[in-house]
1. Go through (1) over 9 Å from the mean Cα position of the chain (by Cα); (2) within 19 Å of residue 68 (Cβ to Cβ); (3) in a helix (DSSP H, G or I) and name the single condition residue 35 misses.
2. From the list 134, 100, which residue is in contact (Cβ under 8 Å) with a residue 60 or more places away in the chain and either in a helix (DSSP H, G or I) or under 20 Å from residue 31 (Cβ atoms) (or both)?
3. Out of the residues in the stretch 21-32 meeting the condition of being within 18 Å of the chain's Cα centre (by Cα) and in a loop (DSSP other than H, G, I, E, B), tell me which one is modelled with the lowest pLDDT.
4. Can you find even one residue in the stretch 72-79 that is closer than 19 Å to residue 119 by Cα and surrounded by 13 or more Cβ atoms within 10 Å (Cβ to Cβ)?
């Protein structure tokens, strides 16, 4: 079974039922060969995007509950902080890239190396992980 981290855009496309990627996301979420995870960082980013689009709090919380019923939450720890430092030295991220490096560090600390994302550019140059082929 493949262990897959769901990037924030996957969560957003999942709740946007009429969106262009919803069918692909639904297939990923229903794939019995995948063990799905999200990080606390993805949950925070999801909240930011939802509040930006003025989704009301009750709906945001409903979506978070729905997502956490599908995927296991993973957390940062002292190992992820050490990995974060090393990845920052290697990739020298700027601005929002720092958030992606943080997500990658949490993944690696939790023994995950595959991410489901449609934001290829955010992760394509990071050799420590791969992008789920179902997203390409």
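1. Result: residue 35 fails condition (3) only.
2. Going through 134, 100 in turn, just one is in contact (Cβ under 8 Å) with a residue 60 or more places away in the chain and either in a helix (DSSP H, G or I) or under 20 Å from residue 31 (Cβ atoms) (or both): 134.
3. Looking at residues that are within 18 Å of the chain's Cα centre (by Cα) and in a loop (DSSP other than H, G, I, E, B), I get 21.
4. Taking every residue of the stretch 72-79 in turn, none turns out to be closer than 19 Å to residue 119 by Cα and surrounded by 13 or more Cβ atoms within 10 Å (Cβ to Cβ).
The values are calculated or read from the model by the stated rules, or taken from the named source; none is laboratory data. All values reported here derive from a predicted model rather than from experimental measurement. Note: ideal-geometry Cβ built from the backbone for every residue, glycine included; neighbour counts use all protein chains shown.
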